[in-house]
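The values are calculated or read from the model by the stated rules, or taken from the named source; none is laboratory data. Here the structure is a predicted model, which is why all the values come from computation and not from measurement. Virtual Cβ from ideal backbone geometry, glycine too; neighbours counted across all protein chains shown.
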Ligand code: 13P
Ligand code: SF4
């Protein structure tokens, strides 16, 4: 529609004027991902977003995702202005892991290596020995386990259990979850598979163990896109945020993609396969972030001492991932 076309045109112009680049996550709405592609930005998983933002020469990063992604970008590029369409875009994992209680949990087990998921506040990262994203978590825990380390894992309990099972590592688990992935239901998925026996099931490991057990491939967003592209099946049942279909269909244009079933009715479903915080990254909000005279609702600031402490485990991850 005309309004959207106008917004897009204005954003494109503003990005150039402000020497800014749009960095979007796969879970944002398709028009946001398309805009990032058209303007030389990136659409990717959380690990790649961090790298892209750090290495891009633009003075300003517009991070279309959720708050921890903006904070990670600022920690890696303090000299850049990091703006978000809205700072209200948070994450249930971040909310469910407040620094005070998490820090006490860590203090109670001083002989453990603290590994935290990227979906956490800068303060929680600053308390950690390692930060991981879902695309590199398994390898990093394998590495730590091979050195005989005992691990504190936070905050996603499903991802943590998956990794513990795969690696055999000794892991003390924080009990957080993602409100999107926690909704996928094994029973309904089994029924869907019976109706589509040739389909392969792709699952993000933030999903419950009963759903992960049914998977033909388990992985981060980028790994699931790769699986849809490279596996021989014609049809895929996909258990992750539906935002991923834009890129997955682009990567595998001839494949049929089906959404995995969630809790279903609005009464029981907390988010039904689309993250409400990712959905806040609309065109209007992006334009607002680029035009605001008072950037308070958009700009990410991370306290210097916190930033320096959080950079250590983040750099560890990025160096390990190279
Ligand atoms: P990845 O893109 O790293 O798989 O992260 C998934 C996620 O939940 C981001 O919010
Ligand atoms: Fe957080 Fe889940 Fe939303 Fe990702 S999809 S930002 S993990 S609530």
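Below is a table of values for the structure above.
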{"quantity": "Residues being surrounded by fewer than 24 Cβ atoms within 10 Å (Cβ to Cβ) and closer than 16 Å to residue 47 by Cβ - total across segment 69-96", "calculated": "2"}
{"quantity": "Close pairs from segment 118-132: first closer than 22 Å to residue 143 by Cα, partner within 14 Å of ligand 2 (Cβ to nearest atom) and assigned to a strand (DSSP E or B), Cβ under 6 Å, at least 6 apart", "calculated": "124/116; 128/116; 131/116"}
{"quantity": "From 209, 228, residue being within 21 Å of the chain's Cα centre (by Cα) and closer than 21 Å to residue 28 by Cα", "calculated": "228"}
{"quantity": "Breaking point among (1) more than 15 Å from ligand 1 (Cβ to nearest atom); (2) in contact (Cβ under 8 Å) with a residue 24 or more places away in the chain, for residue 90", "calculated": "(1)"}
{"quantity": "Pick from segment 156-187, criterion touching a strand residue (DSSP E or B) at 6+ places or on another chain (Cβ under 7 Å), within 13 Å of ligand 2 (Cβ to nearest atom) and not in a helix (DSSP H, G or I), ranking: farthest from residue 115 (Cα to Cα)", "calculated": "184"}
{"quantity": "Residue list for segment 48-61, filter: within 16 Å of ligand 2 (Cβ to nearest atom) and surrounded by fewer than 23 Cβ atoms within 10 Å (Cβ to Cβ)", "calculated": "48"}
{"quantity": "Residue in segment 195-203 that is modelled with pLDDT of 95 or more, under 18 Å from the mean Cα position of the chain (by Cα) and farther than 30 Å from residue 129 by Cβ present", "calculated": "yes"}
{"quantity": "Counted residues, segment 97-109 - those being crowded, with 21+ Cβ neighbours inside 10 Å and assigned to a loop (DSSP other than H, G, I, E, B)", "calculated": "1"}
{"quantity": "Any strands (runs of 3 or more DSSP E) falling wholly within segment 19-88 and containing at least 3 residues that are touching a strand residue (DSSP E or B) at 6+ places or on another chain (Cβ under 7 Å)", "calculated": "20-25, 60-64, 81-83"}
{"quantity": "Filter pass, residue 95 being closer than 19 Å to residue 281 by Cα and free of Cβ contacts under 8 Å to residues at least 60 places away in the same chain", "calculated": "yes"}
{"quantity": "Verdict on residue 218 being under 25 Å from residue 44 (Cα atoms) and within 14 Å of ligand 2 (Cβ to nearest atom)", "calculated": "no"}
